[in-house]
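Encoded as C-alpha cells, the structure appears first; notes follow it.
The values are calculated or read from the model by the stated rules, or taken from the named source; none is laboratory data. Computed from a predicted model, the values in this text were never measured in an experiment. Cβ: placed from backbone, ideal geometry, glycine included. Neighbour counts: every protein chain shown. Areas reflect the complete protein model, heavy atoms only, side chains present, ligands, DNA and RNA absent. Shrake-Rupley method; radii C 1.70, N 1.55, O 1.52, S 1.80 Å.
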Amino acid sequence: MFKKVFPLSAILSLRFLGLFLVLPVISIYALELEGSTPLLVGIVVGGYALTQAIFQVPFGTMSDKIGRKPTLLFGLLVFLIGSIICAYSDNIYTLMIGRFLQGAGAIGSVITAMISDLVAEEIRGKAMAIMGASIALSFALAMGLGPVLGAAYGVDFLFILTAIFALLGIILLFTKVPTPPKIKHTYHATSKTSDILKDPNLLNMIIINAMQKGLMTIAFVLIPIILTSDTFAWEKSDLYMAYLPAMLFGLVAMGPAAVFGEKYNKPKEIFLLSIVLFIGSFLTMGLTTSSTFFVVGVVMFFVAFNMMEPLVQSMITKFAKVHQKGTALGISNSIAYFATFVGGTTAGLLLEFSDRETIGISVAVAALLWLLWTLKLQNPTRYSHLYLPQDDVDVSKLQSLEQEHIAEWYINDTEKLIVVKYVKDAIEMEELKAKIAKK
C-alpha cells in the first residue's frame, strides 16, 4: 500500500508546501506592489481557495472521464504556470492572476480518487492518514521555512521554489505513480451528479468537510494575530512555539482516530469527539488570559482537525459509487474550499467589529449547532469486497442479487476481475460465491 500511496501523497505535499511557504509573508509582499490596496491584498491571500472551489468539480469529473494521470498532469502544469507568474509579477494584478492560476490547478480530489482506485477499501483509511500526515508535515515545514527563506531571498524566490516543486511532482507522476486499473461500470440505471447531493450520507460528509475547512481558516487568521497582539505580545518569530506542539499532537492523534473509525466502524464517534474539541479550542482561545492556555487551545484545534481529516475523505469514497468517486470528492472539496474562503473573510470581519471573547463564543456556538446536526449521522454499513476471476461469475445471477445483498459491483478490466461490494452481515462470502458462480 505504501508504495502506491506515497508518490501521490508526495505530489500533493509538494504542491501544498509551495502554497504554504508564502502564507506567513505574502501579505507584506503584496502590500508593496504597485496598485495594491488592503482589499486586493486580501484577495491575493485567499483567492487561490476560491479558484480551488470553482475547479474541484471539473477536475474530478474530468478524471472520471479521461483518466487520473492526464488530469493530474494538466493540473500540475496550470499550477506551475501560476507559480512562475507570481514569481515575476511586479504589480498586484499580475500577482492576483498568478494566485488564481495556482488555485485553478485543483488536483486534490483527483489524487484522493486515485488513491481510492489503487488501495482496497478495507485499508483506505490508513492510506488517507498517510496523505493527511504528509500534508500536515508540509504545513509544519512551511511555517518554519517560509519566513526565514522569504526574509533571506525574497518572496519571489519562494514562488520559484513552488514552480520547482510542481516540476518535481510531474516527474514523480510519470516515474513512481502506478497506473490505476481500468474499470468497466455496470449499472442498470444511469446515475447523475445531482444524485450525490441527494444521498444523505454523502451530504452529511460534505457538510462535515466544509465546516472543518471553514474553521481551519478562521483559526489560521485568529491565532497569529491574537498571539502577536497586545494581549500576549508574542514576536512573529515565536509563533512556532504554538504551531509546533499543535502539529505534533495532531499527527499523533491522527493514527488512532483513523484506526478506530475504520477498523471498528465508528467514524461518527470520532466526528463528534472532534467537534467537541473544536468547541473547547475556540472557547479557550477566546476567553483565556494566559498564553499557555491559549497554546492548549491551539493544540486542541489541531488534534480535532487531524482526527477528522482522514476519515472525511475515506467516508466520501465509501459512500460514492465507483464511477462517481472523483465527482463526489470534487463537489465536496469545492464546497470545502469555498468554506475556506468564507472562513477567512468571516474571521477578518469579526476581528474588525468584535473582540476576542465574542469571536471565541460565536464560533463555539456555531460548532455546537454543527454538533447537534451531526448527532443524526449514521455509521456506514459494514461492507466486504469479493474479488473473483471474470470467467467464474454468472453476471445475470450477480445482477439479481444487486438490490438484496450487494451494494455495487464492477469489472476490473486490467486484471480481469469482478469486484463485488456486499453487506458483510447479510451474507457469508462462500454463500455469495456459490450464488453467483457459473455452473
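Computed values, structure above
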{"item": "Surface accessible to a 1.4 Å probe, per residue, for the residues of the chain, Å²", "result": "43 Å²"}
{"item": "Per-peptide average of other Cβ atoms within 10 Å, ordering 8-14, 390-396, 307-313 highest first", "result": "307-313, 8-14, 390-396"}
{"item": "Signed unit charges on C-beta, dipole axis of region 157-291, positive-most listed residue Phe159, Leu248, Phe271", "result": "Phe271"}
{"item": "Region 200-263: mean projected area of Cα convex hull, nm²", "result": "5.6 nm²"}
{"item": "Neighbourhood charge, 12 Å Cβ-Cβ cut-off, centred on Val363 and excluding it, Lys, Arg +1 and Asp, Glu -1", "result": "0"}
{"item": "Cα long-axis angle, helix 108-118 against the chain (0 to 90 degrees, to the nearest 10)", "result": "30 degrees"}
{"item": "Local net charge near Ser83, Cβ-Cβ under 14 Å (Lys/Arg +1, Asp/Glu -1)", "result": "+1"}
{"item": "Distance from region 1-57 to region 275-327 (C-alpha centre basis), Å", "result": "20 Å"}
{"item": "Charge context of Pro256, other residues only, Cβ under 15 angstrom, K/R +1, D/E -1", "result": "0"}
{"item": "Cα-based helix-to-principal-axis angle, 240-263 vs the chain, degrees rounded to 10", "result": "10 degrees"}
{"item": "Average Cα contact separation per residue, the chain, under 8 Å, 6 or more apart, as relative contact order %", "result": "22 percent"}
{"item": "Cα-based shape type of region 283-361, given that a ≥ b ≥ c are square roots of the gyration tensor eigenvalues and the cut on a/c is 1.5", "result": "oblate"}
{"item": "Helix-only mean residue ellipticity at 222 nm for the chain, each DSSP H run of n ≥ 4 adding -39500 (n - 2.57), per residue, nearest 500", "result": "-25000 deg cm²/dmol"}
{"item": "Selection from Thr228, Thr289, Gly214, by position along the positive dipole direction of region 203-299 (Cβ)", "result": "Gly214"}
{"item": "Electrostatic dipole magnitude of the chain [Cβ: Lys, Arg +1; Asp, Glu -1; Cα centre; debye, to 20]", "result": "1220 debye"}
{"item": "Relative compactness, the chain, computed as alpha-carbon Rg over 2.2 N^0.38 Å", "result": "1.02"}
{"item": "Sequence ranges 329-337, 424-432, ranked by mean other-Cβ count within 10 angstrom, highest first", "result": "329-337, 424-432"}
{"item": "Pairs beyond 31 Å (Cα-Cα), from Lys376/Lys397; Lys376/Lys421; Lys266/Lys397; Lys198/Lys263; Lys69/Lys438; Lys3/Lys435", "result": "Lys376/Lys397; Lys266/Lys397; Lys69/Lys438; Lys3/Lys435"}
{"item": "Within the accessible area of the chain (1.4 Å probe), percent carbon and sulfur", "result": "67 percent"}
{"item": "Top positive-direction residue, dipole computed over region 1-116 with Cβ charges, set Met96, Ile43, Met114", "result": "Met114"}
{"item": "Total charge dipole magnitude, region 45-136, about the Cα centre, Cβ charges on Lys, Arg, Asp, Glu only, Debye to nearest 20", "result": "40 debye"}
{"item": "Relative contact order of region 62-128, pairs being alpha-carbon contacts under 8 Å that are 6 or more residues apart, as %", "result": "32 percent"}
{"item": "Hull volume in cubic angstrom per residue (convex hull over the Cα atoms of region 1-160)", "result": "102 Å³"}
